[in-house]
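Have a look at the structure below, then the notes.
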Amino acid sequence: MEIKMIKGHGSGNDFLLIDEITHGYTFTELERVELAKLLCDRESKLGADGILFVIKSERADGRMRVFNADGSEASMCGNGLRIVARYLCELLGKNEAFVETMKADLKVSKQPELFSQVHTYQVEISPVLFDLKALPLKLNKPTLYNEKIYELSDDLRFTALAVPNPHLITMVDVETLQSDVQQKLSEKVNGPNELFPDGVNVSFVNQLGKGSIYVKTFERGVGFTNACGTAMSASSLVTCMQGLNEFESVIDVYNNGGKVQCVVHQLDKEFQIDLIGNSTYLFNADVSIDLKAGTFEVTAQNEYTEQIAYEKLQSEVQQFIKDNMKG
């Protein structure tokens, strides 16, 4: 099969975007899984954290399906949604649109540049669920808020929520952040275990100062990534709930891939989060794929120059983290 695609990233979380609306591609469910495993392989000429399939929607401007590098499907991806937001808005000539995802139709919009010459989009992160059955997390309680899970740690306190991807979040100091605790804990809950039968995204969060946090995430189905959009959103919400940051105020969220902004809205007993960040294109490519043989060839590739501006942002971010990381 012959496929055209764009490789882009949100906060360094990189994806291959395949447009089924314009090109009329049709894939079986098995083909989507096989494409993700084949094309996202980091040892290959493409490599990515996942594939974003942009599909025609009956009720929104477009539909997004996200397949991780291991072939599993994610119910939502905040960084990926920003790439889809840009693609759909530019395709349709709009500044805002609605994107159908697995759990909800979400509003997306073009925003003023977060940094000079960095394409910036805002996406809605919802629904937010605290019911442990939504993750699922098998504990003998309905919710988990800033509490210990002794099967995982004697010291750390966790909050569990789905946005709608499942997340386990804990506030930590720099020493813990730089240790191997997160990796061991994450591998445990994403391997055969009794707590999280479907695995879970694990984020360690350090408060840099009022209105600023650093988030490091081990993503289910991927491993450590430069950034996870839903994790940064969920982490922002948790810091507001703990009184470390303010609802309805911009929170600067730093990560190894760069920086985003989050605004957490409290609507009665429900929450909604705005995730604002880059949508950067790296290149577009024509790819010839033989799924039966498990091979592909990049027949054409055209580079974008947008990464130059993003790397300037990234450089400033790394310096800020170095100067402000607290013990």
**Q.** Qualifying positions in the stretch 241-270 - in contact (Cβ under 8 Å) with a residue 60 or more places away in the chain and within 16 Å of I321 (Cβ to Cβ)
**A.** Y254, N255, N256, G257, G258, K259, V260, Q261
**Q.** In the stretch 193-222, the residues that are among the hydrophobic types (A, V, I, L, M, F, W, C) and touching a helix residue (DSSP H, G or I) at 6+ places or on another chain (Cβ under 9 Å)
**A.** L195, F196, V200, V202, F204, V205, L208, I213, V215, F218
(Q) Within the stretch 35-48, take every residue that is within 21 Å of the chain's Cα centre (by Cα) and in contact (Cβ under 8 Å) with a residue 40 or more places away in the chain and give me the one that is surrounded by the most Cβ atoms within 10 Å (Cβ to Cβ). (A) L39
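Here is a yes/no grid of residues against (1) open to solvent by less than 60 Å² (accessible area, probe 1.4 Å); (2) part of a strand (DSSP E or B); (3) in contact (Cβ under 8 Å) with a residue 24 or more places away in the chain; (4) hydrophobic (A, V, I, L, M, F, W, C):
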| residue | (1), (2), (3), (4) |
| --- | --- |
| N79 | yes, no, yes, no |
| R82 | yes, no, yes, no |
| A85 | yes, no, yes, yes |
| K94 | no, no, yes, no |
| F98 | no, yes, yes, yes |
| V108 | yes, yes, yes, yes |
| F115 | yes, no, yes, yes |
| Y121 | yes, yes, yes, no |
| E124 | yes, yes, yes, no |
Q: Considering each residue of the stretch 5-31, count those that are part of a helix (DSSP H, G or I), farther than 26 Å from Y310 by Cβ and either touching a residue at least 40 places away in the same chain (Cβ under 8 Å) or of a type in the set (V, I, T) (or both), and give that number.
A: 2
Q. Looking at the stretch 185-228, which of the residues that are in a loop (DSSP other than H, G, I, E, B) and among the hydrophobic types (A, V, I, L, M, F, W, C) is surrounded by the most Cβ atoms within 10 Å (Cβ to Cβ)?
A. C228
**Q.** Residue ID - nearest to M325 (Cα to Cα), chosen from residues in the stretch 154-164 that are open to solvent by less than 10 Å² (accessible area, probe 1.4 Å) and in contact (Cβ under 8 Å) with a residue 24 or more places away in the chain
**A.** T159
Q: Name every residue in the stretch 129-142 that is in contact with an Asp or Glu (Cβ under 7 Å, 6 or more places away or on another chain) and either open to solvent by less than 60 Å² (accessible area, probe 1.4 Å) or small (G, A, S) (or both), in order of residue number.
A: P136
Q | Yes/no for E2 being open to solvent by 10 Å² or more (accessible area, probe 1.4 Å), charged (D, E, K, R), farther than 23 Å from A104 by Cα and without any contact (Cβ under 8 Å) to a residue 24 or more places away in the chain | A | no
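The values are calculated or read from the model by the stated rules, or taken from the named source; none is laboratory data. Every value quoted in this text rests on a predicted model; they were computed, and no experiment measured them. Methodologically, a virtual Cβ is constructed for each residue, glycine included, from the backbone with ideal geometry; neighbour enumeration extends over all protein chains shown. For accessibility, only protein heavy atoms count, side chains too; no ligands or nucleic acids. Shrake-Rupley method; radii C 1.70, N 1.55, O 1.52, S 1.80 Å.
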